[in-house]
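Reviewing the structure listed below.
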Amino acid sequence: MGNESGIRKAINSTLYGNRFTVLIRVALGAMLAFTGAVKLTDPASFGLVVARYGILPAELVPYAASFIPPLELILGLLLLIGIRVRAAAALALLLMTAFIVFLSVNVFRGRSFDCGCFPVHLLGIGLAEKVGPWLILRNCVFLACFALVYRADRHLFSLENFIEKVRLNNLEKTKYE
Amino acid sequence: MATSTKRVPRRLVRDMFVILVAAGAAGIAVNLFHPRGYVPVSRTDLEARKTVSLSVAEARIKHDAGAVFVDAREKAEFEQARVPGAINVPALDAAANRPGIDFSFLGRPAEIVVYCDGPSCGAAAMLAEAIRKRGYGRILYILENGLPGWEAAGHPVERGVRDGK
């Protein structure tokens with residue numbers, strides 16, 4: 001294993017946690033926090049989106065519509081500032097899996113409608129993404145990215161990392177003073 | 001690298017649980033204060049909203065449009081006078097679930113207006129509840145002032161024993 005190729009090194013370094021890992025973490029965190037915050041501004045309209053998928057029974061739609069946006073926002077913020085990264089990434093993985101299942105069922109049913117993924121129409125921006133195989137693929141890419149964030153051992157530029165550094169510094173002080 | 005994903009540590013599970021609880025609490029809080037949020041409504045409240053009281057004039061319009069009128073009073077009272085075309089379902093019999101009541105009118109594609117002897121007779125409300133218990137999910141109407149109000153407004157009344165029923 002002494003003469004690893006450059007690509008192999010890069011992959012290992014990314015899996016361990018380098019600047020590229022940070023980029024992915026921050027980008028995904030920002031995305032989750034943004035969509036969560038936007039959805040949170042109008043629970044009823046997100047309820048309509050959930051109902052449109054036609055998977056949850058009508059009684060459960062309000063609960064899902066109330067629960068998913070704050071979950072997205074919290075996960076996004078945790079990833080963004082970099083604390084409890086592994087737990088946040090694990091939940092984001094579950095969330096993405098649920099989204100993929102919801103999308104797949106409707107693609108299988110042959111339906112096509114506005115997916116409501118990023119409800120930017122609430123901000124006055126027209127963006128209508130239709131449910132389709134492309135969205136499933138995109139969510140699979142997100143899934144892989146979250147898996148990478150979950151897998152990484154080190155998160156540069158994160159609160160977690162900062163706290164650990166402070167802890168280690170103080171450890172040294174108490175040891176030698 | 002080898003130390004990362006061997007088994008799920010307890011701390012991870014605890015953190016995930018805390019995040020989920022926080023999201024749930026945040027969701028409840030947002031809905032509580034948001035003008036278009038979801039609020040919990042009791043089942044009885046939801047059912048009560050499906051029973052609407054009608055003025056005599058509104059009831060007349062529904063009558064002309066072919067609504068089913070259901071007389072919640074006793075058989076003897078029904079035979080004396082009734083809204084033309086009405087069906088008799090005594091409220092006490094319906095509430096006690098006695099056999100021999102024909103509920104087939106619930107399946108008709110028509111609105112149902114229940115009435116009794118006035119605003120405070122109670123039989124109409126009792127029958128409405130009994131119908132509700134049979135799984136009727138659409139809106140039920142109750143004639144506000146009952147048969148006396150109907151008669152006082154000059155609308156037609158049917159009298160005497162009907163041959164068929």
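Coordinate-derived values only; no laboratory data. Here the structure is a predicted model, which is why all the values come from computation and not from measurement. Quick reminder, even Gly has a Cβ in these numbers, built from the backbone with ideal geometry, and neighbours come from all protein chains shown.
Quick notes on this structure:
- From B:ALA91, B:ALA128, residue being buried (at least 18 other Cβ atoms within 10 Å of the Cβ), out of contact with any helix residue (DSSP H, G or I) (no Cβ under 7 Å at 6 or more places or on another chain) and over 19 Å from B:ALA152 (Cβ atoms): B:ALA128
- Residues that are touching a helix residue (DSSP H, G or I) at 6+ places or on another chain (Cβ under 8 Å), outside any helix (DSSP H, G or I) and not small (Gly, Ala, Ser), drawn from the stretch A:115-143: A:CYS115, A:CYS117, A:PHE118, A:PRO119, A:LEU127, A:GLU129, A:VAL131
- Subset tally (residues that are hydroxyl-bearing (Ser, Thr, Tyr), surrounded by 10 or more Cβ atoms within 10 Å (Cβ to Cβ) and within 19 Å of the chain's Cα centre (by Cα)) for the stretch B:30-58: 3
- Look at (1) farther than 30 Å from A:ALA152 by Cβ; (2) outside any loop (DSSP other than H, G, I, E, B) and you find that B:ARG11 fails only one, number (1).
- For the stretch B:60-81, a residue qualifies if it is part of a loop (DSSP other than H, G, I, E, B) and closer than 22 Å to B:GLY107 by Cβ, and the qualifying residues are B:ALA65, B:GLY66, B:ALA67, B:ALA72.
Conditions tested, residue by residue: (1) in contact with a Leu (Cβ under 6 Å, 6 or more places away or on another chain); (2) among the basic types (Lys, Arg); (3) outside any helix (DSSP H, G or I); (4) within 14 Å of chain A (Cβ to nearest Cβ).
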| site | (1), (2), (3), (4) |
| --- | --- |
| B:ALA22 | no, no, no, yes |
| B:ASN31 | no, no, no, yes |
| B:VAL41 | no, no, yes, yes |
| B:GLU58 | no, no, no, no |
| B:LEU106 | no, no, no, no |
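- Residue selected from the stretch A:144-158 under the condition part of a helix (DSSP H, G or I) and surrounded by fewer than 17 Cβ atoms within 10 Å (Cβ to Cβ), by the criterion nearest to the other protein chains (Cβ to nearest Cβ): A:ALA147
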